[in-house]
Amino acid sequence: QVQLVESGGGLVQAGGSLRLSCAASGRTFSYYDMGWFRQAPGKLREFVVRITWSGSSTDYADSVKGRFTISRDNAKNTVYLQMNSLKPEDTAIYYCAAGPSGLFKQGLVSTWGQGTQVTVSS
């Protein structure tokens, strides 16, 4: 089974940057899509970004397109999310996820990370 450990969250001022990391272990990692969802207090969890196992295709939510960049280093079993030009509305708990491609964006994934808090102050 895949296990995911997240890091890189923190407090940043509006306009700043953060980089999240998601380290994975398990035999099926190289065949899984990976990405992030996020959830703000009192709101539903929402899709943020996905990357295929080969890194050849990505999908971004409209709200983060042009500001966030996902990358995948299979040699290190790690996925990164570079977040630039952060806005207060980006404040949420960010959850790394891994799973088959077909249902990933709907949140039907195989494994969730523990979550990491991102707070953007105005």
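The values are calculated or read from the model by the stated rules, or taken from the named source; none is laboratory data. If you're wondering where the values come from, they're calculated on a predicted model, not measured in any experiment. Neighbour counts are summed over all protein chains in view; Cβ atoms, including those assigned to glycine, are modelled from backbone coordinates with ideal geometry. Note: accessible area is taken over every heavy atom of the protein model, side chains too, but ligands, DNA and RNA are not part of it. Shrake-Rupley method; radii C 1.70, N 1.55, O 1.52, S 1.80 Å.
Remarks
- When the criteria are applied in full, Gly8 fails the requirement of being open to solvent by 40 Å² or more (accessible area, probe 1.4 Å) and within 20 Å of Ser121 (Cβ to Cβ).
- Considering (1) in a loop (DSSP other than H, G, I, E, B); (2) modelled with pLDDT under 95; (3) open to solvent by less than 60 Å² (accessible area, probe 1.4 Å), the lone condition that Val64 does not fulfil carries the number (2).
- Of the residues making up the range 88-116, those that are over 12 Å from the mean Cα position of the chain (by Cα), farther than 25 Å from Gln1 by Cβ and of a type outside the set (Asp, Glu) are Pro88, Thr91.
- Selection within the range 29-59: residues that are β-branched (Val, Ile, Thr) and in contact (Cβ under 8 Å) with a residue 40 or more places away in the chain. The member of this set that is least open to solvent (accessible area, probe 1.4 Å) is Val48.
- 1 or more residues under 21 Å from Gln114 (Cα atoms) and not aromatic (Phe, Trp, Tyr): qualifying strands (runs of 3 or more DSSP E) within the range 8-60: 10-13, 18-25, 33-39, 46-51
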